[in-house]
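The values are calculated or read from the model by the stated rules, or taken from the named source; none is laboratory data. Just so we're clear, the structure is a prediction, and the values are computed from it rather than from any experiment. In this analysis, Cβ positions are derived from the backbone assuming ideal geometry, glycine residues included, and neighbour counts consider all displayed protein chains. Accessible surface is based on the protein model in full, side chains and every heavy atom, while ligands, DNA and RNA are left aside. Shrake-Rupley method; radii C 1.70, N 1.55, O 1.52, S 1.80 Å.
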Amino acid sequence: MKDNYNRNISYLRISVTDRCNLRCTYCMPAEGIDLIKHSQLLTFEEIVDFTRTAVSMGINKVRLTGGEPLVRHGIVDLVKMLWNIEGIKDLSLTTNAVLLKEYALPLKEAGLQRLNISLDTLDKERFAKIARRDKLDDVLAGIDEAIKVGFKQIKLNCVIEKNKNEHDAVAVANYAKEKGLQARYIRTMNLEKGEFWIVDGGDGGNCSICNRIRLSSCGKVLPCLFSDLGYSIREYGNKEAILQTLEHKPKKGSISKNNEFYTVGG
Ligand code: SAM
Ligand code: SF4
């Protein structure tokens, strides 16, 4: 399916929860967030139904994100249900890996193909400072398990302040090399100020070739992370919400006062 600027839209990112077991300084306040009400959170049936419609209209690549997707109960079942949809060629998930040691194998068996794992530093104290939780050991154990079960691809997402020569970024690059993984660097963005950058080693942030739409955990289809436009699937229905999204996808991102990385998944 095409948007108004003739961009081919084939990639859907689904945020399955706004909850998280970390509190990264660039993403969430220390005290946590006002969580969306349980009744607002999309059910698995709603997510699968929506995805089926999206796939029938041209989506073939799906990524699960959050919040932290692995804290959503039944995430493995959701992966299984999505992988059963004919027409999905690529199913992936973005995680902080805190719970990955337990979930890597079931996720792989359920059909998940690729993983993006967030890793900003290899220093235990720096990790605890950035994520406000002392969980680096769990993350590293999760990464090892993911390598062991043999995902098709594992990328490390490293958030950096300005450039990838920073000490933490270099350490992540060396670690990635040693483990045979790909590292990509994401410069800290600010949705409210409209500060966003092209992701090094990825295609995010390049508006002219953007192929994405997003489904938020409370059921809004969003044409752009850097815009406040959104169309509720409960209000519009799946197909109309997608059509509105295509119609209004901006040529270029600007600012967003409503979106947060933890509700729409980065
Ligand atoms: N909890 C999972 C994780 O951290 O991988 C998935 C959701 S998280 C919101 C998705 C991505 O957004 C992560 O790679 C994270 O580093 C990135 N992110 C969050 N806040 C950001 C910000 N202010 N600027 C740039 N990237 C950000
Ligand atoms: Fe949680 Fe991911 Fe946000 Fe960190 S970046 S607080 S792990 S949602």
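Select from region 1-48 the residues that are more than 16 Å from ligand 2 (Cβ to nearest atom) and touching a Ser or Thr at 6+ places or on another chain (Cβ under 9 Å) and list them in ascending order.
1, 3, 5, 7, 9, 12, 40, 42
Just one of 2, 37, 61 is open to solvent by 10 Å² or more (accessible area, probe 1.4 Å), away from ligand 1 (no atom under 15 Å from the Cβ), basic (Lys, Arg) and within 19 Å of residue 235 (Cβ to Cβ); which is it?
After ruling out the rest, the residue left standing is 37.
Is there a residue being in contact with a helix residue (DSSP H, G or I) (Cβ under 7 Å, 6 or more places away or on another chain), at pLDDT 95 or above and among the hydroxyl-bearing types (Ser, Thr, Tyr) anywhere in region 43-61?
Yes; the residues of region 43-61 include at least one that is in contact with a helix residue (DSSP H, G or I) (Cβ under 7 Å, 6 or more places away or on another chain), at pLDDT 95 or above and among the hydroxyl-bearing types (Ser, Thr, Tyr).
Tell me whether region 80-87 contains one or more residues that are outside any helix (DSSP H, G or I), touching a helix residue (DSSP H, G or I) at 6+ places or on another chain (Cβ under 8 Å) and not aliphatic (A, V, I, L, M).
yes
Out of region 58-77, which residues are within 13 Å of residue 97 (Cα to Cα), among the aliphatic types (A, V, I, L, M) and touching a strand residue (DSSP E or B) at 6+ places or on another chain (Cβ under 6 Å)?
Correct list: 70 only.
Just to verify a result, which residue in region 92-121, among those that are hydrophobic (A, V, I, L, M, F, W, C) and touching a Lys or Arg at 6+ places or on another chain (Cβ under 8 Å), is farthest from ligand 1 (Cβ to nearest atom)?
Ranking the candidates gives 110 first.
Out of all the residues in region 214-243, which are surrounded by fewer than 18 Cβ atoms within 10 Å (Cβ to Cβ) and either β-branched (Val, Ile, Thr) or part of a helix (DSSP H, G or I) (or both)?
Listed by number, the residues that qualify are 234, 235, 236, 239, 240, 243.
Considering every residue within region 74-87, establish whether at least one is away from ligand 2 (no atom under 16 Å from the Cβ), touching a Lys or Arg at 6+ places or on another chain (Cβ under 6 Å), in contact (Cβ under 8 Å) with a residue 12 or more places away in the chain and over 22 Å from residue 23 (Cβ atoms).
Within region 74-87, one or more residues are away from ligand 2 (no atom under 16 Å from the Cβ), touching a Lys or Arg at 6+ places or on another chain (Cβ under 6 Å), in contact (Cβ under 8 Å) with a residue 12 or more places away in the chain and over 22 Å from residue 23 (Cβ atoms).
Take the residues in region 244-266 that are outside any loop (DSSP other than H, G, I, E, B) and of a type in the set (S, T, N, Q); name whichever of them is farthest from ligand 2 (Cβ to nearest atom).
Filtering region 244-266 for residues that are outside any loop (DSSP other than H, G, I, E, B) and of a type in the set (S, T, N, Q), the one farthest from ligand 2 (Cβ to nearest atom) comes out as 244.
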